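Below: the structure, in structure tokens.
The values are calculated or read from the model by the stated rules, or taken from the named source; none is laboratory data. The structure displayed is predicted, hence computed values, not measured ones. Please note: Cβ atoms are built from the backbone with ideal geometry, for glycine as well, and neighbour counts cover all protein chains shown.
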């Protein structure tokens, strides 16, 4: 037996694995990003959401990481993939089993056979056996299948990291949108109060014949315009609160707020090279693991062309008397080997190989596409941040000019130099300009969230630690 084990180990060591070994495809990456800012700093491995300096946002992200259903589903998928890996690699080891039986039977004696003269009838039969089987993975079929299962497990882990990346980004984005809508709602209510006071004063002046009915209606038009804006903003707030509640693992409901929109600090722009995306983006890493799995499946399929060699053995006892079951004469054993291989299967193995090769080609294209999409995501997010910043500055100048225009128009109207329509025209420009400024400010904050999401980085690992800590 020792000699047999030595021979088997030698066979396994020199045995080859059918199919191609994986090597990462050569990918051409840009040297730099077109819109990379000069003030970028190395913050890709930090908890960037803390740079807003809003404790309430930090609390919501921690809650989402602990309770979000998609994160829990992704964790369950990892457990499932781990189970598949254990099952797939199990044939690499000897498979041990046991069996036992006890029967009592009586046969017919009416046939006149003399055999019953020498046998007990009825008679007992007792047996207990231990068996072992072992498939020698000479061609690497099981090892290739194990390699594919391991890659699928790693792909599931990257999918979970991708889920965490998206979750943190979505929670931050929804929260910032709420802060922006709160600011817009405050602007609308402030304007509504101001317009309401104007309507009240003009109605009094109209009552005593100081202004015309047209002036009252013009003031009322501005009031109702602001009034109509408020329900629209409130509806958007409710929808985003419900969406954020689901991300937090709650039933739909209100969301607490922290700092105001204009009090939130701007996170710094993270620095990074395009080539680093290959190691930082979970979706790219997941696509590569899928490619590794598909590559290994080719070898597992090609190995089906070759024979399967198996060793079997059994050892046990069999007796007609229970008291004699474990005595020497009741001992029984056997061992042997078998070899089976295909001769003609109507193209079944060929079809499996073609499927595996086609799946590998699809996985390769998906990997290349994920890299290109990653580059595009970063370029788009950096460009958006740059251009939104320019828009915000221009919008700030527009708001300042509109406020000054409104102030001067009101002074000239009070002095009797211009009609109220001039004031109305100025207000018509100021109100939407203030709303748009809040919207641009929100977009600028969200653009920084999108940059961190697009670049990936070690912050995903920090979020994973928070997920484990919050359980």
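Residue-level check: of (1) within 23 Å of the chain's Cα centre (by Cα); (2) closer than 25 Å to residue 440 by Cβ, residue 274 misses just (2). Restricting the first residue to the range 361-382 and requiring it to be on the phi > 0 side of the Ramachandran plot and modelled with pLDDT of 95 or more, which pairs with a second residue that is part of a helix (DSSP H, G or I) and surrounded by fewer than 20 Cβ atoms within 10 Å (Cβ to Cβ) meet a Cβ separation below 9 Å and a spacing of at least six or different chains? The qualifying pairs do not exist here. Determine which member of the set 417, 405 is at pLDDT below 95, surrounded by 13 or more Cβ atoms within 10 Å (Cβ to Cβ) and at negative phi. None of the other options fit; the residue is 405. Based on what the data block shows, is residue 199 more than 26 Å from residue 77 (Cβ to Cβ), in a helix (DSSP H, G or I) and in contact with a helix residue (DSSP H, G or I) (Cβ under 9 Å, 6 or more places away or on another chain)? When the stated conditions are applied, residue 199 passes them. For the range 74-100, filtering for residues that are in contact (Cβ under 8 Å) with a residue 60 or more places away in the chain and closer than 30 Å to residue 245 by Cα leaves 6. Note on the range 42-95: residues that are within 26 Å of residue 153 (Cα to Cα) and in contact with a strand residue (DSSP E or B) (Cβ under 7 Å, 6 or more places away or on another chain) total 4. If only one of 258, 253 is touching a residue at least 12 places away in the same chain (Cβ under 8 Å), within 27 Å of residue 456 (Cα to Cα), in contact with a helix residue (DSSP H, G or I) (Cβ under 9 Å, 6 or more places away or on another chain) and not in a helix (DSSP H, G or I), which one is it? Of 258, 253, the one residue that is touching a residue at least 12 places away in the same chain (Cβ under 8 Å), within 27 Å of residue 456 (Cα to Cα), in contact with a helix residue (DSSP H, G or I) (Cβ under 9 Å, 6 or more places away or on another chain) and not in a helix (DSSP H, G or I) is 258. Here residue 279 fulfils each of the conditions (1) in contact (Cβ under 8 Å) with a residue 60 or more places away in the chain; (2) not in a loop (DSSP other than H, G, I, E, B) apart from (1). Considering the conditions (1) buried (at least 20 other Cβ atoms within 10 Å of the Cβ); (2) modelled with pLDDT under 95; (3) within 30 Å of residue 360 (Cβ to Cβ); (4) within 22 Å of the chain's Cα centre (by Cα), residue 300 is excluded by exactly one of them, (4).
Looking at (1) modelled with pLDDT of 90 or more; (2) part of a helix (DSSP H, G or I), which one does residue 97 not meet, given that it meets all the others? Evaluating residue 97 over (1) modelled with pLDDT of 90 or more; (2) part of a helix (DSSP H, G or I) leaves (2) as the failure. Among the conditions (1) under 30 Å from residue 286 (Cα atoms); (2) surrounded by 13 or more Cβ atoms within 10 Å (Cβ to Cβ); (3) free of Cβ contacts under 8 Å to residues at least 24 places away in the same chain, the only one that residue 330 does not satisfy is (1). Selection of the range 54-68 for residues being closer than 16 Å to residue 449 by Cα, assigned to a helix (DSSP H, G or I) and in contact (Cβ under 8 Å) with a residue 12 or more places away in the chain yields 57, 60, 61.
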